[in-house]
Amino acid sequence: MGLFDFLSVSEEIVKQYHSSEINESKCRIDFVTLLAPAAKLLGTESSEELLLPAFQRYMSDSSDVQNALLSQLFTFCKVLSPKSREIVLRDLSQLFSIDMDARCWRQRAVFANTFIQVEWRDQKDLWRRRTEHMSDAIPVTVRERKNF
């Protein structure tokens, strides 16, 4: 199978596009959007070997590239092993803790919104099962509050 070093290839193509006067950041964003689909095709082991280093490198890129990366985060992480997911989460927590000023509030908001949407959509049945035992208590509480 002809696998390649995604990071090296992507950086080489970015340089070629840059010399062609195509926006370098746009090119990196395009590569970032390919990480998750490529991970699905490659599988866990190859993705961890070939794509995880690229993912980590792009995590420290510009905010536009980071936002594109965050939009692919959940799809990419589904392919990874639990150990590699922990690495990604560690890198992600460092990303958000490095710059806690007003400049990255939008990035954190986009990530939180994406997380809520994806987590709820993908884990809806799990959340239902976890909260079934509380379903009887919730309507009673609501009815009691309405009677006040």
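Just to confirm a number: summing +1 for Lys and Arg and -1 for Asp and Glu over residues other than ASP64 whose beta-carbon lies under 9 angstrom from that of ASP64, what do you get? Net charge in that neighbourhood comes out at +1.
By other beta-carbon atoms within 10 Å, ranking LEU41, LEU69 with the fewest at the front produces LEU41, LEU69. The residues ILE87, ILE29, when put in order of fewest to most other Cβ atoms within 10 Å, stand as ILE87, ILE29.
No lab work stands behind these numbers, since they all come straight from the coordinates. Computed from a predicted model, the values in this text were never measured in an experiment. All Cβ positions, even for glycine, are placed from backbone atoms using ideal geometry, and neighbour counts span all protein chains on display.
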